[in-house]
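Working notes, beginning with the structure itself.
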Amino acid sequence: MGVGMMERRAVRITPRSAITVVIENQGLPFAYGVVANISEGGACVWTNGHFEVGDRLVLRLSFARELQLFQAEGVVIWGEQETAVRYGLQWAPVGPPSQERLRRLISTSA
C-alpha cells in the first residue's frame, strides 16, 4: 500500500522524446528499454529484460539532448509479461543533487 501511495504523489510524465535505458541486474547481461512514463518516484519501462518483483536494478537513462547519462537504482514493484514486457520501478532514495537533476530532466522531457 505504501508503494502505491508514494507513486501516486509524484506526477507521471510521458516523455515527448524517447528516453532510452540500459538496465543492469546483479551481473546478468544488460537489458535495454524505453521509458513509457517517468516521475520523481519511479518509472514504467518497456524492455527486453525479464525481472521479478523485488529485483533491485541499476538503470542508465539517456534523455534527449543530454550528453551525460543519469544513473539511478530502482526496485521492480510490478511487471506485465503477457504480450509485451513492461515493468514499474520505484527509485531508490538519492541525495538532493541527484533528485534535483532528475526533477530537471523530467521537466524538460514533458
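The values are calculated or read from the model by the stated rules, or taken from the named source; none is laboratory data. Everything quoted here is computed from the prediction, not taken from an experiment. No Cβ is skipped: glycine too gets one built from the backbone with ideal geometry, and neighbour counts run over all protein chains shown.
So, in region 40-86, of the ones that are of a type in the set (S, T, Y) and surrounded by fewer than 20 Cβ atoms within 10 Å (Cβ to Cβ), which residue ends up nearest to S107 (Cα to Cα)?
S62
So A64 clears everything in (1) closer than 18 Å to R103 by Cβ; (2) modelled with pLDDT under 95; (3) among the small types (G, A, S); (4) in a strand (DSSP E or B) except one condition, right? Which one?
(4)
Please find, within region 26-39, the residue that is farthest from A110 (Cα to Cα) out of those that are touching a residue at least 40 places away in the same chain (Cβ under 8 Å) and part of a strand (DSSP E or B).
Checking each candidate, the answer is A36.
Going by the conditions given, is E82 out of contact with any strand residue (DSSP E or B) (no Cβ under 9 Å at 6 or more places or on another chain), among the acidic types (D, E), over 15 Å from T20 (Cβ atoms) and modelled with pLDDT under 95?
It is true that E82 is out of contact with any strand residue (DSSP E or B) (no Cβ under 9 Å at 6 or more places or on another chain), among the acidic types (D, E), over 15 Å from T20 (Cβ atoms) and modelled with pLDDT under 95.
Only one of E40, E80, E66, E52 is over 18 Å from R12 (Cα atoms) and touching a Leu at 6+ places or on another chain (Cβ under 9 Å). Can you tell me which?
Being over 18 Å from R12 (Cα atoms) and touching a Leu at 6+ places or on another chain (Cβ under 9 Å) holds for just one of E40, E80, E66, E52, which is E66.
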